[in-house]
Amino acid sequence: MSAGKRYIERIQDDRQVWLDGELVTNIPGHPDFRGTVQSIASVLDLQEDPVLGPQLTFETETGAKANLAYLVPTAKEDIVRRGRSFKIWSDATFGVMSRIAGYYRSQITGLYINRNLIDQEQPYYAERIVNYFNYVRDNDLLITSAGHDPQIDRTKPAHELGDLYTAVRIVRETEDGIIVRGAKLIATGGAYLDEIIVSPLARKTAAEKEYALLFVVAVNTPGVHQISRESFASNEEADHPLSSRYDEMDTMLVFDDALIPWERVLVKEDPDTLWKLRTDYVSSGYGQHEIVVRLVSKLEFVLAVAVELAESIGITKFAHVQEKLAELAFQVESIKALWHASEHNASLHPLGVWLPSKPELVTAKNLGNQYYPRAIEILQQLSGSGMLQVPSRLSELHGPLGPHLQKYYRGAERNAEERIKLLKLSWDLVGSRLGARHELYERFYAGDPARTYAGQYLEYDKRGLLARARSAFA
Ligand SMILES: Cc1cc2nc3c(=O)[nH]c(=O)nc-3n(C[C@H](O)[C@H](O)[C@H](O)COP(=O)(O)OP(=O)(O)OC[C@H]3O[C@@H](n4cnc5c(N)ncnc54)[C@H](O)[C@@H]3O)c2cc1C
């Protein structure tokens, strides 16, 4: 059985995914999930492709094949190999799918590599992360995360909200594990994937000790509910080429006294240790590498759509159009350069592993928050009303008004069918509900930009340049 088929089979389990107020009992067969399940399955199958497979996998110590996101890079070339494999996977979905290519798989690899970081504080951690790493790697599992407490009132920490169980905390402990209650947002892809990493993104204070948990949960754990947002999926592939295939879905997780077995509890009620892990670059850097590569795929896709749009109505000869297309090319080349620089400047860590260079990756990620909305704005500017001028169904080309459509919807050196398809793709990227979600995603998915930018400033090594500049005025 192929990897994709195995995936489809295993997600037909007891997961509690709620959509439109109803429990979805068969994710692969449900019209709002079916198309995306097929996309994920086909990407997983690439690992068995005779040409691409060897570029996406490696041989583990047992001789089995595993996804390269789980490769521990003991040589500099391994970093490059990892990056190349992320690009192949991201390209397979034009960078639109964010949770299959290895973001959180890589994060687990990082936690595994630096497994002894918190030996003093949480002595059981090392053994548990080793077992978990082997489990997800050897079963080719797909992972997402949920790190935020419900918004409610952002001026108050969780313990001051009146109800102790809004954010996730332990209700009681048993021989088997911890019983947790509360909610977490957002788990992108949670409805489709296998595993979720649950831990706060923001730093917890000593007063919020109870909320300082890091655990990993199987999506089908009893008592774990996922409340889906409205579906943006379409079943009309010809009219909605992206929405019909790539609605990853975002869910709010509700833990209704769910049992998390001890072997899945990685940090328990320990804010400082959690922050130590969170700010440890070995633990997070491999995931950051993946998100930058995926961004390249997505920006390349937007650039290609923009060029096609402009060419389709012959506007590429106008200088301001060339300027806008060049801006999109700057975006692609800047992020690509930062990606490659992070690999070129990779360093050997005392643990014996190679790490992609951090400043380049942080810069690329932060630029992405601005680049993507700007790229979408440029697509709007280049399209004018074009994206809206399409008939609601591509099939109308062959209906009673077909001859009119052939005449009035054609483009410059494009027939009507080619142009309508392009415009439908553009609208799906820019104006559809999926498109709007993607703009929000790229702004926020890795944290509030206001605070991640501030974080870059605070962490930035300014000493050398300040010393030089001061020599000019001291
Ligand atoms: C489409 C999408 C998918 C996502 N997928 C995931 C996922 O898979 N996993 C995951 O963990 N997260 C995911 N996220 C969540 C993401 O991590 C958060 O959106 C992001 O960290 C911001 O948090 P928030 O949405 O709670 O907004 P808030 O933190 O509530 O911020 C809202 C506004 O209030 C301001 N604000 C709030 N609190 C403060 C403060 N203390 N100081 C200053 N300003 C403040 C912010 O600047 C911002 O303008 C996703 C988000 C989106 C939009």
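The values are calculated or read from the model by the stated rules, or taken from the named source; none is laboratory data. None of these values were measured; they are calculated from a predicted model. With ideal geometry, Cβ positions are generated from the backbone for all residues, glycine too; neighbour counts draw on all protein chains shown. Note: areas computed on protein heavy atoms with side chains; ligands, DNA, RNA excluded. Shrake-Rupley method; radii C 1.70, N 1.55, O 1.52, S 1.80 Å.
Tabulated values for the structure
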read-out	value
Folded to 0 to 90 degrees: helix 76-92 orientation relative to the chain principal axis, Cα	50 degrees
Net length gained if the chain between Glu459 and Ser392 were fully extended (0.36 nm per residue, minus Cα distance)	19.1 nm
Extended-chain gain in nm, criterion 0.36 nm per residue less alpha-carbon gap, Arg443 and Leu401	10.9 nm
Of all accessible heavy-atom area on region 3-277, the percent that carbon and sulfur account for (1.4 Å)	49 percent
Cα long-axis angle, helix 319-344 against the chain (0 to 90 degrees, to the nearest 10)	30 degrees
Taking the chain and dividing mean pair separation by its residue count, relative contact order in percent (alpha carbons under 8 Å, at least six apart)	16 percent
Added length on full extension, which subtracts the Cα-Cα distance from 0.36 nm per residue, Tyr124 to Leu348	77.9 nm
Whether region 1-112 is rounded, prolate or oblate, judged on the alpha carbon gyration tensor where a/c under 1.5 counts as rounded	prolate
Label-to-label distance, nm, for residues given as Gln381 and Ala337 (7 Å Cα→Cβ offset)	2.1 nm
Shape category assigned to region 3-277 from the gyration tensor of Cα positions, a/c cut at 1.5	oblate
Proximal charge balance of Gln16 [Cβ under 14 Å; K/R count +1, D/E count -1]	-4
Those residues of region 160-185 whose amide nitrogen sits under 13 Å from the label point placed on Gln151, 7 Å along Cα→Cβ	185
FRET efficiency for Ala472 and Thr279, using Cβ-Cβ distance with R0 set to 25 Å, rounded to 0.05	0.15
Counted charge near Lys65, where neighbours are those whose Cβ lies closer than 11 Å (Asp, Glu -1; Lys, Arg +1)	-3
Rounded percent of accessible protein surface that carbon and sulfur make up, region 421-472, 1.4 Å probe	61 percent
Protein accessible area in region 359-398, 1.4 Å probe - carbon and sulfur %	53 percent
Counting DSSP beta bridges with both ends in the chain, the antiparallel % (nearest 5)	80 percent
0 to 90° range, to nearest 10: angle between helix 416-430 axis and the chain longest Cα axis	30 degrees
For the chain: accessible area per residue (Å², 1.4 Å)	44 Å²
Spin-label proximity, Glu61 to region 127-145 - amide N less than 20 Å from point 7 Å beyond Cα toward beta carbon	127-141
Unit charges on C-beta of K, R, D, E only; dipole of the chain, Debye	1380 debye
Total formal charge among the other residues, if their Cβ is under 12 angstrom from that of Ala183, Lys/Arg +1 and Asp/Glu -1	0
